[in-house]
1. With Cβ to Cβ distances under 13 Å as the rule, what net charge do the other residues near Leu127 carry (K, R +1; D, E -1)?
2. Using a 1.4 Å probe and ignoring any ligands, DNA or RNA, find the accessible area of Ile70 and quote it in Å² to the nearest 10.
3. How much accessible area per residue does the chain have, in Å², with a 1.4 Å probe?
4. Points 7 angstrom from Cα along the Cβ direction at Ser6 and Gln79: gap in nanometres?
5. Can you match Cα Rg over 2.2 N^0.38 Å to one of these, [x] 1.14; [y] 1.04; [z] 0.97, based on a calculation from the structure here?
6. Counting only protein heavy atoms, what percent of the accessible surface of region 43-164 is carbon or sulfur at a 1.4 Å probe?
7. Need one number: % antiparallel among DSSP beta bridges in the chain, to the nearest 5.
8. Show me the helices of the chain, taken as full DSSP H stretches, that run 20 Å or more along their long axis by Cα and average -0.5 or above in Kyte-Doolittle hydropathy.
Amino acid sequence: HFGPVSLLRRWLQAAGIRATTLVGGRVDERSGLNQLKDEVTLFPEIPRVFYPQQLREVTKFLAAGNVLIIAIDSEAGNQIEIPVDPAYGHFNFRMATGPLRLAARHGARLFPCTIRDKGRWRFRIELRRPVPPEFLSSTPDLTSAGKHVLDELLPRFRACPEQCSKMLIEIF
């Protein structure tokens, strides 16, 4: 994660963008407090989060033209090794393939995105260059798509390491 990712959905919704997040875990583990929060959102008809066992609902959500936020550094599900630009060192980054596969399956545009805390409740949301459509065709090139995402995000990680999660700091 980069910056206060937990705020990203709320900021996108405040801008009128119907967005939700795919998270790990299980629906039946959702706390009572989170269930109450679900009822007081800008778009109450949109779930605050989806879980991996709700992929049918995710499909309908994406088909309606909505935005789905997914972390690339998740350890859940299928992973691929993406070679990191040698300027950052010689190693591979383990990336979740879920966002790449979902975008390919639904013909969706995949934008690397960061949210940066600039202090005093000021945030900067950046949508980077989208993954080229040819990487997400009917036979997706997940490695090239993943490399594109990583190449778009690495300069942000390097410029603002204080915004990165502990896991990303350990990797980079």
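1. Working: positive: Arg109, Arg116, Arg124, Arg128, Arg129, Arg156; negative: Glu126, Glu152.
Cβ neighbours under 13 Å give a net charge of +4.
2. Result for Ile70: roughly 50 Å² accessible.
3. Here the residues of the chain average 59 Å² of exposed surface.
4. A separation of 2.4 nm, rounded to one decimal place.
5. The listed entry that was calculated here is [y].
6. Here carbon and sulfur together make up 52 percent of the probe-accessible area.
7. About 70 percent, rounded to the nearest 5.
8. Length and hydropathy pass: 142-159.
The values are calculated or read from the model by the stated rules, or taken from the named source; none is laboratory data. Please read all numbers here as calculations on a predicted model, not as lab measurements. With ideal geometry, Cβ positions are generated from the backbone for all residues, glycine too; neighbour counts draw on all protein chains shown. For accessibility, only protein heavy atoms count, side chains too; no ligands or nucleic acids. Shrake-Rupley method; radii C 1.70, N 1.55, O 1.52, S 1.80 Å.
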